[in-house]
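Q: Take this structure, written in structure tokens, and hold onto it; I'll ask about it next.
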Amino acid sequence: MNKSWTLVFQDIPTTLNALRSLPEATLKEAHFAAALLIPALCVWPNNESESTAMLNYLKGPEALSVREIQFIRDRMRGKAYLPSSYFAGATPANGYAPSRPYTVTVSENPYSYQENGYAKLYLKSSGADSPRPVQLRYKASTGEWFLWEQMLLSEIRQPTAADPWA
């Protein structure tokens with residue numbers, strides 16, 4: 001049976017210390033790491049270096065590579081709304097402005113835990129037709145789940161106000 005988890009953030013943490021103070025920052029569950037990816041990416045447009053620090057925390061023992069940083073930079077250019085699209089209440093019609101408190105739903109499917117030590121979980125963007133995957137890796141020595149790969153920054157529908165065809 002497929003499970004899903006809804007995680008609620010009163011505010012978007014804007015620093016690594018704020019992120020680390022959240023109960024989910026224990027990273028003891030795979031869905032904690034997947035959900036924390038959204039607020040960490042939301043910080044990128046205003047503070048790339050702090051967002052990088054947050055993402056590196058979620059990556060655990062391996063920091064973001066130069067290629068991963070450039071990929072995020074390229075995908076986020078002119079699309080600050082992209083990570084917000086994963087929060088409840090954010091839609092193309094409202095410019096992807098999420099409802100407060102900030103709510104993220106993470107789901108699994110029957111194949112999420114096929115590979116030992118890895119989990120592939122899914123998050124739904126209101127600007128996409130299907131959920132997008134996040135792969136996490138388990139570190140047995142600490143009992144933590146870390147970000148291994150994310151596929152959340154693909155194109156989504158433009159905000160209605162920016163769409164000339166809307």
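Only the coordinates and a few stated rules stand behind these numbers; no lab work does. Please read all numbers here as calculations on a predicted model, not as lab measurements. As a convention, Cβ positions derive from the backbone with ideal geometry for all residues, glycine included, and neighbour counts pool all protein chains shown.
Q: I'm checking my understanding of the structure. Among residues of the stretch 1-16 that are touching a Ser or Thr at 6+ places or on another chain (Cβ under 6 Å) and among the polar types (S, T, N, Q), which one is surrounded by the most Cβ atoms within 10 Å (Cβ to Cβ)? Spell out how you get there, then give the answer.
A: Residues of the stretch 1-16 that are touching a Ser or Thr at 6+ places or on another chain (Cβ under 6 Å), as a first pass: 4, 6, 8.
When the remaining residues are screened for being among the polar types (S, T, N, Q), the result is 4, 6.
Numbers: Ser4: 15, Thr6: 12.
Once the filter is applied, the top-ranked residue is Ser4.
Q: In the stretch 8-32, what residues are over 16 Å from Trp145 (Cα atoms) and hydrophobic (A, V, I, L, M, F, W, C)? Break it down stepwise before answering.
A: Restricting attention to the stretch 8-32, the residues satisfying the condition of being over 16 Å from Trp145 (Cα atoms) are 8-18, 21.
Of everything in the stretch 8-32, those that are over 16 Å from Trp145 (Cα atoms) and hydrophobic (A, V, I, L, M, F, W, C) turn out to be Val8, Phe9, Ile12, Leu16, Ala18.
Q: So if I check each of Gly78, Gly95, Gly89, which one is within 21 Å of Trp44 (Cα to Cα), without any contact (Cβ under 8 Å) to a residue 40 or more places away in the chain and out of contact with any strand residue (DSSP E or B) (no Cβ under 8 Å at 6 or more places or on another chain)?
A: Among Gly78, Gly95, Gly89, only Gly78 is within 21 Å of Trp44 (Cα to Cα), without any contact (Cβ under 8 Å) to a residue 40 or more places away in the chain and out of contact with any strand residue (DSSP E or B) (no Cβ under 8 Å at 6 or more places or on another chain).
Q: For residues that are of a type in the set (Val, Ile, Thr) and in a helix (DSSP H, G or I), scanning just the stretch 1-58, find the one that is farthest from the chain's Cα centre (by Cα).
A: Just the residues of the stretch 1-58 that are of a type in the set (Val, Ile, Thr), to begin with: 6, 8, 12, 14-15, 26, 38, 43, 52.
Filter once more, so that each one left must be in a helix (DSSP H, G or I): 26, 38, 43, 52.
Values: Thr26: 16, Ile38: 3, Val43: 11, Thr52: 13 Å.
Residue satisfying both the conditions and the ranking: Thr26.
Q: Select from the stretch 113-136 the residues that are in a loop (DSSP other than H, G, I, E, B) and in contact (Cβ under 8 Å) with a residue 24 or more places away in the chain and write down the one among them that is surrounded by the fewest Cβ atoms within 10 Å (Cβ to Cβ).
A: That would be Ala128.
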